[in-house]
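I have placed the structure first, in the form of structure tokens, so that the comments after it can refer back to it.
The values are calculated or read from the model by the stated rules, or taken from the named source; none is laboratory data. Everything quoted here is computed from the prediction, not taken from an experiment. Note that we place each Cβ from the backbone using ideal geometry, even for glycine, and neighbour counts take in every protein chain shown.
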Amino acid sequence: MSLYASIFLKSELSTLNIFIKLLIFFTFSITLITATAEANRKIVYIPLDNRPVCLNYVKQTIKAAGYELAVPPEKLLTDNGHNGNPGALWSWLNNAVQDADAAVLATDSLIYGGLVASRTHHDSNSELIDRVKKFKDLRENYPNLKIFSFSTVMRTPRQSFGNVEPPYYSKYGPDIFALSQLNDKEDGQGLSPSEKFKKNELLAQLPQKQLADWLERRQKNFRINLLLTELARNRTFHYFAIGKDDDAPLSQTNMESRHLLEATLDLSNNHFKILPGVDQLGLLLLTRAINELSNEQPIVYVIYSEGAGKNTLPYYSDQRLSSSVPDQIQAMGSRVSELPDMADLILAVNTPYDGITKDSTADDNLFFTSIYNKRFINIISNFVKNGRALAIADISYANGADNGFMEELYKHNLLDKILAYSGWNTADNTIGYALSQGILAKKMSLSDKNALLQIRYLDDWLYQSNIRPHLSNSLGKNDPNIIYDFKPYHEEIVAATYKLYAHYLNKDPFLQNTNFKIDFPWNRLFEINVIMKTYK
């Protein structure tokens, strides 16, 4: 090579290197500017009520993901002592959305006052319809605002205690539930002579005034849901979801959901969905809003533990996982992949081998690792070792974690290696949280991701599956109903809970050094609020 050619080549390479560096600089700058712009975008959020899973845990997750979340003053929301204030919430909302990019709204709060109020209200049809019309006004006043809303189909619990249903439900709830099962079967399949006899027997036993009150409120709420779906049809809502609250394959909730589905067959899945579960929908739709603001459509690959797996029909649900999991992934603004290599997130779903979900307080929820646990954890471990983003939905038990599964997760040193974990309340609540926190984790710092993990372990695993049964057994000896309202003993129960935590926290380094505080905002054992003192 000639000297001239050598000098020319060096000059060209130098110019190319400068060009590449400039390209990298400008690409990084644009990415940084875009990320900053996304993080500065404002989302307005009105939750169902002030329970931690609807409010505090959601706020912490969205803040960790780098987004500004505007929420109403807590005094306007339902708490354990009073219903929310729809009028004041509407006033706050109209002011808050003026500089917002998106809004995620629990319509139950803006129409009835909250989730509990939707089951107990005495509002007239005209009052409820007037509040529904305000959504149309909101769209007309803010045409560029993306409105993501969710409603509920009223639950039909087998029984209920506390103040979350009409007062008579604690006495007549089991018979009302049994009647609703027969009504649903009659509507869909027809009844046998013996079932017709049983239905007439229940109608004769139940007080007509209380039954009429329960059915009238359900009819009002059903009509409101039809009006809301009409708003979805007219694109008042950018996206609208209806959650089936504590459902069962035969129940009033299932029957009403079926009729709502029949009335909305023309609506696109891109704008509307009926889903199992309710309490996870706030976080799920906030994740959808963030995905859309970021112009992202994450891909999720789902794996199940051995046995029934995706054919599991969880407690509190009328859908098998094979349909409910894809429904939630789609509602979150993501897609399902059949190939793990294509996925942005691996969702590992821990299911009971026989497909029968029990409550986490069941006697067989022990720190015993089954062969199925071991094999599933090995699969999870391999994904993690290969650098894959993975979240766990632990639904083998309702209302808490699977102790045997968690024991094996701990033994494999995986507690802090995954992106998200969830194991609370219903299977669908758990799945929605695991999906949302798993997808948003890539936007979080390591410390924030770990703080959210620690909260879920402290709540879903140590408290719900282990501490709560101890407290429940101790309190229940004196008064079975005290676990639903222990306000006079609040401080004593908090102190006892800290002592029980100390017993479990000595085991694992990832949890034993956590600096946290707890409270029971609704004065019932069913939910606890875990607050990380070091959380930023």
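Of note:
- When ALA178, ALA212 are checked against the criterion of being of a type in the set (A, V, I, L, M) and in contact with a helix residue (DSSP H, G or I) (Cβ under 7 Å, 6 or more places away or on another chain), ALA178 stands alone in meeting it.
- Segment 126-145 residues that are within 13 Å of LYS220 (Cβ to Cβ), paired with ones that are of a type in the set (Phe, Trp, Tyr) and part of a loop (DSSP other than H, G, I, E, B) (beta carbon under 8 Å, 6 or more apart): LEU128/TYR112
- Condition met for SER447 (in a helix (DSSP H, G or I), among the hydroxyl-bearing types (Ser, Thr, Tyr), at pLDDT below 95 and not assigned by TED's automatic domain parsing to the domain that holds ALA348): no
- Members of segment 241-291 that are assigned to a loop (DSSP other than H, G, I, E, B), of a type in the set (Val, Ile, Thr) and within 16 Å of LEU105 (Cβ to Cβ): VAL278
- Single residue of ASP245, ASP213 found to be modelled with pLDDT under 95, closer than 24 Å to LEU48 by Cα and not basic (Lys, Arg): ASP245
- A single member of ASN478, ASN473, ASN523 is more than 26 Å from the chain's Cα centre (by Cα) and part of a loop (DSSP other than H, G, I, E, B), and it is ASN478.
- Of the residues making up segment 158-183, those that are more than 14 Å from LEU215 (Cα to Cα) and either among the aromatic types (Phe, Trp, Tyr) or assigned to a loop (DSSP other than H, G, I, E, B) (or both) are ARG158, GLN159, SER160, PHE161, GLY162, ASN163, VAL164, PRO167.
- Single unsatisfied condition, TYR410 versus (1) farther than 24 Å from ASP327 by Cα; (2) of a type in the set (Ser, Thr, Tyr); (3) touching a Gly at 6+ places or on another chain (Cβ under 9 Å): (3)
- Residue list for segment 265-314, filter: hydroxyl-bearing (Ser, Thr, Tyr) and under 28 Å from LYS59 (Cα atoms): THR287, SER294, TYR301
- The one condition in (1) surrounded by fewer than 23 Cβ atoms within 10 Å (Cβ to Cβ); (2) at pLDDT 95 or above; (3) not basic (Lys, Arg) that GLY438 fails to fulfil: (1)
- The single condition among (1) in a loop (DSSP other than H, G, I, E, B); (2) of a type in the set (D, E, K, R); (3) at pLDDT 95 or above that ASP318 does not meet is (3).
- Among residues of segment 63-79, those that are within 24 Å of SER447 (Cβ to Cβ) and surrounded by fewer than 15 Cβ atoms within 10 Å (Cβ to Cβ), counted: 1
- Residue selected from segment 482-518 under the condition aliphatic (A, V, I, L, M) and closer than 22 Å to HIS412 by Cα, by the criterion farthest from the chain's Cα centre (by Cα): LEU505
- Filter pass, VAL349 being in the same structural domain as THR430 (by TED's automatic domain parsing), crowded, with 17+ Cβ neighbours inside 10 Å, over 26 Å from MET154 (Cβ atoms) and of a type in the set (Val, Ile, Thr): yes
- Residues (touching a residue at least 40 places away in the same chain (Cβ under 8 Å), of a type in the set (Val, Ile, Thr) and within 18 Å of PHE161 (Cα to Cα)) located in segment 478-536: ILE483, ILE528
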